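Let me begin by presenting the structure, written as structure tokens, before commenting on it.
The values are calculated or read from the model by the stated rules, or taken from the named source; none is laboratory data. Please read these numbers as outputs of a predicted model, since none were measured by experiment. Note: ideal-geometry Cβ built from the backbone for every residue, glycine included; neighbour counts use all protein chains shown. Side chains are part of the model used for accessible areas, which takes the heavy atoms of the whole protein and leaves out ligands, DNA and RNA. Shrake-Rupley method; radii C 1.70, N 1.55, O 1.52, S 1.80 Å.
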Amino acid sequence: MKKFVSIVAIFLVLFLLTYAVNSYAVSMTEELKTVQITTDKKTVHPNETVTLNIAFGTNLGAYTANVVYDANLLDYVSVEGGEANDTGEKVIVTYAYKQVAGQSPRNSMSITFKAKGEDVINATNPTSLRVSLEGLANPDASIEYYLTTSETIKNISVEPVYEDYQIALNYTGDILPEEEKDMEIVISSSMGRNYEKTRLLASVVAPDGQDMQLLANKDEDEQYDIIESGWGNEQGDPLGGKNVAKKIQARGIFSGEGTYALTLKVINREDEDAVIASKTFEIKVGTTTTPTPEPETNTTVPPTTNNSQTPQTLPKTGNMIYVSIIPIIVILAISYLLLRKKK
């Protein structure tokens, strides 16, 4: 009987110890509320890097970070604060603190990606870095941490370095009243931001009592005055891309002479008609646009006061011949006398 009681007592003690250990383990699992996940930039250009930073807010001895990324836009570069395994669509970073020289608990980590080159990135590409954390523990593993949010999404944009749109108005020769003048409107950019719905609008400031038309045809039957109705689909047309150049063939008609100020602007219908590009052109009608030649700068000889003119060459006479021969004869005579004297 005593032996049976002793065995029961031993099992009871073991049961109580097991319950106490389990209760202690449960009490040492805590929510980690201090985690902050950020990126060093919101917009990434071709061949630029973007770094994802994770601050834990406390020292950890172990953690695993899973970072999902778009391999069509980004390449994995490096990690700071753990060992990385890049699967091509996700980077798995693990860290386990060991009490050896050179190691210490960590309160942060970071991972760096690089955007693809210009041959791939030729438009705006919204994307994200999706982060999940697990296996979080303090340095002596006495506390395990959990997060109430299973995944954190950091949105970024991968896009080229855009160039502003330029507007040009091309024509040749002079412009005369009431005569059609062929004009070409060019909207261009070496790398234009993409817009889905754009329109071209025009306005003019004309001389008093005058007006201007800027006509263009969509087809043989439809003719529009861009100044009155604009150009393009009423809801807007796409515009953008590399080396974009949108050309519109038009005809200008001016009612009278003078200087006209024509303003052309491209608007974004999706953004309350916000102006994308604008330029004003000064057009002179009825006056020559050919530069006036500058006057000659060569010095002219003033006319003489009498009717006689100075001859260009002197007339040859017999006296002139003798004047040339006499000095030669004198030199020969002196030379002859000197030679005879020496002999």
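Observations on the structure shown:
Yes/no per residue for (1) open to solvent by 40 Å² or more (accessible area, probe 1.4 Å); (2) touching a residue at least 40 places away in the same chain (Cβ under 8 Å); (3) not polar (S, T, N, Q):
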{"site": "Pro207", "(1), (2), (3)": "no, yes, yes"}
{"site": "Asp211", "(1), (2), (3)": "yes, yes, yes"}
{"site": "Asp221", "(1), (2), (3)": "yes, no, yes"}
{"site": "Asn233", "(1), (2), (3)": "yes, no, no"}
{"site": "Pro238", "(1), (2), (3)": "yes, yes, yes"}
{"site": "Lys242", "(1), (2), (3)": "yes, yes, yes"}
{"site": "Gln249", "(1), (2), (3)": "yes, yes, no"}
{"site": "Tyr260", "(1), (2), (3)": "no, yes, yes"}
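- Residue match in segment 181-204 (condition: closer than 17 Å to Gly256 by Cβ and outside any strand (DSSP E or B)): no
- Residue match in segment 169-178 (condition: open to solvent by less than 30 Å² (accessible area, probe 1.4 Å) and in a strand (DSSP E or B)): yes
- When segment 64-77 is filtered for residues that are assigned to a strand (DSSP E or B) and either within 18 Å of Thr112 (Cβ to Cβ) or at pLDDT below 95 (or both), the ones remaining, listed by number, are Ala65, Asn66, Val67, Val68, Leu74, Asp75, Tyr76, Val77.
- Residue tally, condition touching an Asp or Glu at 6+ places or on another chain (Cβ under 6 Å) and within 23 Å of Tyr171 (Cβ to Cβ), over segment 224-246: 0
- So Ile121, is it open to solvent by less than 50 Å² (accessible area, probe 1.4 Å) and assigned to a loop (DSSP other than H, G, I, E, B): yes
- Filtered residues of segment 74-118 (kept if on the phi > 0 side of the Ramachandran plot and open to solvent by less than 20 Å² (accessible area, probe 1.4 Å)): Gly81
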